[in-house]
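A.B. asks: Here you go, one structure.
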Amino acid sequence: LNVCCRKKAGVRMVTWHTPYNRLLHLSLFFAVLPWLYSYFNERHRIQSYSVEQALILSWDKVITQPTILFRRAVVGINCNVDLVVSATSLLERMNSTSNKRDDHQVLNNVDDLYEAFAYFFSRGAAAERSDLCAYRWERKIAIILRHTSDEKTFELMVHTAGESRQRPHYYIGGNAALMAEKIATAFPRTTVYLVGPIGPRSQALLHPSIVRTNSTRIVKDEVHVIMEYKQGEILGEYVAPASSRFITSHDQYSGSSVVIEMFFKAIAQFNPDLIILSGVHLLQNQNKEMRMEKLRLIKRNLMQVNPNIPIHLELGSIGDADHVAQVLSRIVPNVDSLGLNEQELAFFSHIAGGPYTDLYPIAPGAVHVVEMLYWLLTTYGHDKSDPESKNFKYKLSRIHFHSLTFHLMVISVVLTLHKPYAVKIYYITNPSNFLVIHLENYDIYRAFISCLERFQVYRGTDWSNLAAGLAAGAKVAGRQACQMTGGDTNTDNLELRSSMSFLLDKEVGKSYNFEPQKPIASWMRKDVVFIFTPVLVCKFPTRTVGVDDAISATGLIYSQFYRFEKAW
């Protein structure tokens, strides 16, 4: 019994009661003990987190750097200076003689300014969205945009707003400039080339690493006057029921042919691997003939861009129905990616006969947004499966949707073999980085295998790492609204305003059940993939201008693009 090992029937027998094996047992025990402690301690630590902290940690686990990073980005075409002042103080200084309220579509004088402002001031966030009013649902902040047609009136407004007694604040503005600014500050490995009307003050406000062209320098900055007011403020006989802002501008250069031509010229010179186009919404302030000429110019140049370079279109607030229809038919199908919010999506659907037009302008919920996004991507998006379809030559394959409480990334994915085996294969890299391939049936699978080496194959999708881009954009939203710095981990000013359970897609019966440790949901509907996440909302936002642009820019840089060719 005391023998360590013995031979029996030609087999060496090993006993576990030797001093050597006792040491082995002890070493295994002490090796496993720290792991068990770490595991259960981590579970206890996670359970002690707030919902907001757990959600951010879950996003961090999903956010991974793309394998192929965008190194050079050309961004254009709108750039301006945002002049932020107190609305009531400015209007009192402007000495308007009117005391009426009227929703003027264009402001021709000081009285028009006062009447249009009073119209929305007295209604606050409850104001209904008129055709030319950009009203941001859900945000509890109404953003009213108006174009001032009279140059002298606008110059008087800028001069008065710039007086020291108004305590003005100057920021860089314009979708293109804001997206370039975000990329330059958050992604130093990506070089940004900004094309837009850059004046002296915007030149000083821009990040020093942003490359600029002298061909679009202007002597005097384009200025947007942002008139802010808070709930309870008084203007004459009116009291503001909610906090809001009223924005007016008199842009002359952002939508000019010169800037558009310089933008596409910069693409040829700079040889980027990412193109971001914004400012198309500003063309609505021009007459129809001039507007159509600019849209034709943009479309013609978009179609001449190297197809291996992805083009992202960032939308702004468009209120002109005819302009929306033209942008949808001429511009949207000729870009690879689209960024928009709930207001722009709902107006698109309303004008072009999409889903839920009868509910407009009611704020769309998640289930409505999913239907609208599916309609938008299948109507104006890329479809390589049918050469006879008009969508065969369309490029749009990615949409990044953002609202106050949730974000969605939507992509079309299709892989098609040449006839006679017209086979569709759908795939997506899900948040866990597993490749999921679905074949319609076993016969198609056998056909696919047998002709794989005999026929050319198209592969999709061109976009990847999308869950990381969605999570990164969602994380930026609340933090930027609260102006939280990179190292600030405090979540006291952030909150979740989403239901714990709700329907996402009634067509496939997809519901969402919130789990802080697994906040991202993904599903497929035919050849369209949806990725969803709730968003943390800033309780007391200090600056909301540019949040949408920061979300889109962040989501883009974390995404990865590679155009698959015919050969496999």
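The values are calculated or read from the model by the stated rules, or taken from the named source; none is laboratory data. It should be emphasised that the depicted structure is a prediction, and the values quoted were computed from it without experimental measurement. Every residue, glycine as well, gets a Cβ built from its backbone with ideal geometry; the counts of neighbours run over all protein chains shown.
A.B. asks: Testing residue 294 on (1) farther than 21 Å from residue 552 by Cβ; (2) among the basic types (Lys, Arg); (3) modelled with pLDDT under 85, one condition comes back false. Which one is that?
C.D. replies: (3)
A.B. asks: Could you please find all residues in the range 313-341 being touching a Lys or Arg at 6+ places or on another chain (Cβ under 8 Å) and touching a residue at least 40 places away in the same chain (Cβ under 8 Å)?
C.D. replies: Selection gives 323, 331, 333, 334, 335, 336, 337, 338, 341.
A.B. asks: Do you know which residues across the range 178-200 are crowded, with 18+ Cβ neighbours inside 10 Å and under 30 Å from residue 93 (Cα atoms)?
C.D. replies: Listed by number, the residues that qualify are 197, 198, 199.
A.B. asks: If you don't mind, another one. For residue 88, all conditions in the list (1) crowded, with 17+ Cβ neighbours inside 10 Å; (2) of a type in the set (Val, Ile, Thr); (3) closer than 22 Å to residue 251 by Cα; (4) touching a strand residue (DSSP E or B) at 6+ places or on another chain (Cβ under 7 Å) hold save one; what is the number of the exception?
C.D. replies: (3) is the only condition that residue 88 fails.
A.B. asks: Provide a single number: the residues in the range 221-236 that are more than 18 Å from residue 181 (Cα to Cα), in a loop (DSSP other than H, G, I, E, B) and in contact with a helix residue (DSSP H, G or I) (Cβ under 8 Å, 6 or more places away or on another chain).
C.D. replies: Matching residues across the range 221-236 total 3.
A.B. asks: Picking from 282, 328, 313, which residue would you name as being touching a helix residue (DSSP H, G or I) at 6+ places or on another chain (Cβ under 7 Å), part of a helix (DSSP H, G or I) and within 27 Å of residue 247 (Cβ to Cβ)?
C.D. replies: Matching residue, one of 282, 328, 313: 328.
A.B. asks: Against the definition (surrounded by fewer than 23 Cβ atoms within 10 Å (Cβ to Cβ), polar (S, T, N, Q) and touching an Asp or Glu at 6+ places or on another chain (Cβ under 9 Å)), how does residue 308 come out, yes or no?
C.D. replies: The answer is yes for residue 308.
A.B. asks: Considering 494, 504, which residue is of a type in the set (A, V, I, L, M, F, W, C), surrounded by 12 or more Cβ atoms within 10 Å (Cβ to Cβ) and within 25 Å of residue 49 (Cα to Cα)?
C.D. replies: 494
A.B. asks: Has the range 352-369 got at least one residue that is under 21 Å from the mean Cα position of the chain (by Cα), buried (at least 23 other Cβ atoms within 10 Å of the Cβ) and more than 24 Å from residue 76 (Cα to Cα)?
C.D. replies: Among the residues of the range 352-369, at least one is under 21 Å from the mean Cα position of the chain (by Cα), buried (at least 23 other Cβ atoms within 10 Å of the Cβ) and more than 24 Å from residue 76 (Cα to Cα), which makes the answer yes.
A.B. asks: Additional query: Can you tell which of 511, 499 is surrounded by fewer than 18 Cβ atoms within 10 Å (Cβ to Cβ), without any contact (Cβ under 8 Å) to a residue 24 or more places away in the chain and in a loop (DSSP other than H, G, I, E, B)? Quick ask: steps written out before the conclusion?
C.D. replies: Values: 511 fails: in a loop (DSSP other than H, G, I, E, B).
None of the other options fit; the residue is 499.
A.B. asks: Here's another thing I want to ask about it. Is there a residue in the range 189-196 that is basic (Lys, Arg), assigned to a helix (DSSP H, G or I) and touching a residue at least 24 places away in the same chain (Cβ under 8 Å)? Explain how you work it out, then say what you get.
C.D. replies: Here is the first cut: in the range 189-196, the ones basic (Lys, Arg) are 189.
Retained after the next criterion (residues that are assigned to a helix (DSSP H, G or I)): none.
Among the residues of the range 189-196, not one is basic (Lys, Arg), assigned to a helix (DSSP H, G or I) and touching a residue at least 24 places away in the same chain (Cβ under 8 Å), which makes the answer no.
A.B. asks: Further, regarding this structure: With 544, 491 as the choices, which residue is farther than 27 Å from residue 337 by Cβ, touching a residue at least 40 places away in the same chain (Cβ under 8 Å) and in a loop (DSSP other than H, G, I, E, B)?
C.D. replies: Residue meeting the stated conditions: 491.
A.B. asks: Another question, then. Where in the range 42-151 are the strands (runs of 3 or more DSSP E), entirely inside, with at least 1 residues that are modelled with pLDDT of 90 or more, over 23 Å from residue 345 (Cα atoms) and not acidic (Asp, Glu)? Full working, then the answer.
C.D. replies: Details: elements: 72-76, 80-86, 142-148.
Fully inside the range 42-151 and qualifying: 72-76, 80-86.
A.B. asks: Continuing with this model, one more query. Could you list, ordered by first residue, the pairs with Cβ atoms under 6 Å in which the first is in the range 236-261 and more than 15 Å from residue 316 (Cβ to Cβ) and the second is in a loop (DSSP other than H, G, I, E, B) and small (Gly, Ala, Ser), at least 6 apart or interchain?
C.D. replies: Close Cβ pairs satisfying both conditions: 238/122.
A.B. asks: Oh, and also: Tell me yes or no: at least one residue of the range 322-332 is among the basic types (Lys, Arg) and surrounded by fewer than 17 Cβ atoms within 10 Å (Cβ to Cβ).
C.D. replies: No, every residue in the range 322-332 fails to be among the basic types (Lys, Arg) and surrounded by fewer than 17 Cβ atoms within 10 Å (Cβ to Cβ).
A.B. asks: Check 457, 410, 508 and return the single one that is under 25 Å from residue 311 (Cα atoms) and modelled with pLDDT of 50 or more.
C.D. replies: 410
A.B. asks: Is it the case that the range 377-386 has a residue that's in contact (Cβ under 8 Å) with a residue 12 or more places away in the chain, among the basic types (Lys, Arg), touching a Ser or Thr at 6+ places or on another chain (Cβ under 6 Å) and within 30 Å of residue 496 (Cβ to Cβ)?
C.D. replies: The answer is no, given that none of the residues of the range 377-386 is in contact (Cβ under 8 Å) with a residue 12 or more places away in the chain, among the basic types (Lys, Arg), touching a Ser or Thr at 6+ places or on another chain (Cβ under 6 Å) and within 30 Å of residue 496 (Cβ to Cβ).
A.B. asks: Looking for something out of contact with any strand residue (DSSP E or B) (no Cβ under 6 Å at 6 or more places or on another chain), among the charged types (D, E, K, R) and buried (at least 18 other Cβ atoms within 10 Å of the Cβ) - is there at least one such residue anywhere in the range 383-394?
C.D. replies: yes
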